Structure formats: C-alpha cells, structure tokens
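Where a number appears in this text, it was derived from the coordinates with a stated rule and is not lab data. Here the structure is a predicted model, which means the values were calculated and not measured.
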Ligand code: MBD
Ligand code: FE
C-alpha cells in the first residue's frame, strides 16, 4: 500500500468507526502513531513473525517492569528532557541547575529529615567509602531558599536500589531533606556504584541486539522543589567513573559532575567520627521561579510508593 492508501485505511478503522464520545487528543495520537507504524511495516516489509515479536517484546518488558528502563535506554527519557530544555530556553530561562532524567527507580514516601541526614543503614560500613554531600538551594538571583525540599536517592556499592533490591531495608539510601534556615542541606551516605541493566532482562536483550551496553556511571538522583519554584529533576555523576560520558541512558551533562574531594585530614575525620578517608561533594542547586508561560514542571508518571 502507499501512504495515501494507509491514511485512508486508518481513517476507515479509527475515525469512521467512532460512535460514542471521542477524546480528540487520544484519537489524534492514535491515528498518527498507528499510521506511522503501518507505513514503517510497509517500508521495511515487516513480516508477521517480526510484528508479533515486537508486540510480545513490549508485553514482556511490561511484565518484567522494565518499561521505564526501556524509555531510559532508548533515549526517549533524554529526548523529553531535550524538549523541556528547548521550551525553557524559549521562555528565557537560563542559569539554573541543568535537569536530567528521573529514571525508573524513584520511590515516593522516603523519611523526611530536617537539614541533615544519614542515608545509609550502616550495613556497608568498612565496605563502601563514606560520601558526604552538602550545599545550598538558591533561586536564580542567588538567594537561598530556606525549607526547600531535596529528595535524594541512589544505589549502594553494588549498583542496587532499595525497594527494587529486597535485600536492603526500606528507604535505604533514600531521604527527603528539608533545607535549613540558610537553604542548606547536608547528608552522609555511601559512595554509589554504577548501575547495570538486569543481564537477562528484556532491555538488556534489546541492547545486545543493538551492540550496546546497559551501564550507567555512578550517580545520585535529586528532586528539588520549593513553593513558587519550578521542580528540578536532576542527578550528579561521580567524576572519574569509566562510564561518565558513556551512559546508556544519556543522562550525563556538563554542570552535573562536581569535584569529589578526598578528605583524609585527621581533624576532619575526628569531627565526623570516621577512621578512614572519605569523599566529599559540594553542590548547590539553583531553581527557577514558576512561570505561567511554561508547562508545569512536575511530571506525572506512575511511581513506586513504600
Ligand atoms: C538507574 O539507576 C537510572 O538512574 C536510570 C536512568 C536507568 C536505570 C537505572
Ligand atoms: Fe539511578
């Protein structure tokens, strides 16, 4: 079939068959995507086996709870960010902390802590390096934002996230920090290790067929928000990681790779009650004021809640 015939067929199938109330947006999107699919089937001469394989692949990926991972690994989540960056630029926003993808491993409901927190449960004491991270949440003009909310989550030294990894206690390496009167937050945790897709899972199977790896550099995730300001979804990467600029989810960005200071000074170790050198990261967040000209900054998606 040619494209005109396909468009006619889609019209016959999806438009002319409507009897009840139509959701125009859903209709528009369905017509477009199905039309594009039919045209791709024609162009690529996709065979029935391949078409069924594709549908089964998506179903299997859903059953394996890997649809979010698929969106990350195919760059769909990064593409959404690129478009949001473009919208921000058109609205004149500049100078804020760069956004980068949420990823599929956030869990809502983490314990709330005032200003300071320890994220790890101590089970990796002696195994994982201690990581201290601290900074200030500010507005575009550099004014601190007292009471700003800093949600943080990251992997353990095996690259695993609590909740999804049932060997960790609930909310290990996850907290909601409330910035103090100076807009400062501070936490003690353990140095994360990079994530790798489940080797037998559907996403890694596809990546294998594409000759790609499924690895991420070590990173720490954040949702940063304050009333009247645009919510920031971002991550910092750990400098020196071999996958720093080779992330399968394309989330590394200039401005999100802070210096990691190695602290071995005896006085500092004593202050923190530590016997071994630790790493320290200073990182400030800059939020944009809410703008009525921009779409909302909070993204609706199904998230785990514990
Ligand atoms: C992660 O930890 C992550 O952040 C992303 C984006 C994908 C898979 C695992
Ligand atoms: Fe992650």
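Tabulated results
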| read-out | value |
| --- | --- |
| Listed residues 86, 77, 182, most fluctuating in the chain (Gaussian network, C-alpha, under 10 Å) | 86 |
| Crossing angle, helix 76-90 versus the chain [Cα axis fit, 0-90 degrees, rounded to tens] | 80 |
| Cα shape, the stretch 70-305, gyration tensor, a/c 1.5 rule | oblate |
| C-alpha long axis of helix 48-63 to longest principal axis of the chain, angle in ° | 30 |
| Of 103, 183, 95, the one that fluctuates the most in a GNM where the chain has Cα springs shorter than 10 Å | 95 |
| Inter-centroid distance (Cα atoms) of the stretch 161-234 relative to the stretch 84-148, Å | 11 |
| Relative contact order (percent, whole number), the chain, Cα cutoff 8 Å, 6+ residue spacing | 21 |
| Helix 24-44 axis, angle to the chain major axis (alpha carbon atoms, nearest 10°) | 70 |
